[in-house]
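No value in this document is a laboratory result; all are computed from the given coordinates. Source: prediction; values computed, not measured. All Cβ positions, even for glycine, are placed from backbone atoms using ideal geometry, and neighbour counts span all protein chains on display.
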Amino acid sequence: DPQLQRFIEVETQKQRFQQLVHQMTELCWEKCMDKPGPKLDSRAETCFVNCVERFIDTSQFILNRLEQTQKSKSAFSESLSD
């Protein structure tokens with residue numbers, strides 16, 4: 001059933017996104033939060049912003065690299081079958 005398959009794909013993407021957010025939160029919290037308090041100081045806020053930006057940049061780089069690798073494998077497989 002195509003509708004069920006699409007639903008499963010969407011739910012899987014949601015789960016992956018939630019895992020990514022959890023990883024990012026855990027990593028940046030450990031890196032940037034010295035002592036929890038009622039509000040963030042400017043150093044911690046800057047650290048969080050930088051941490052999140054680097055995490056997103058790194059994730060995007062990895063996804064792009066995997067996509068390139070997959071395309072290369074597909075092209076190589078096609079050239080072998082010709």
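Some observations on this one:
- Alpha-carbon radius of gyration plus Dmax, which is the widest Cα pair, for the chain in Å: 19.4, 65
- Cα long-axis angle, helix 2-32 against the chain (0 to 90 degrees, to the nearest 10): 40
- Cβ-Cβ FRET estimate between residue 73 and residue 12, R0 fixed at 30 Å, reported to 0.05: 0.85
- Paramagnetic reach from residue 49 (point 7 Å along Cα→Cβ, amide N under 15 Å) across segment 14-40: 40
- Here the spin labels are modelled as points 7 Å beyond Cα on the Cα-Cβ line, and at residue 3 and residue 41 they lie 5.7 nm apart.
- About its Cα centre, the dipole of segment 2-80 is roughly 80 debye, where the only charges are +1 on Lys and Arg Cβ and -1 on Asp and Glu Cβ.
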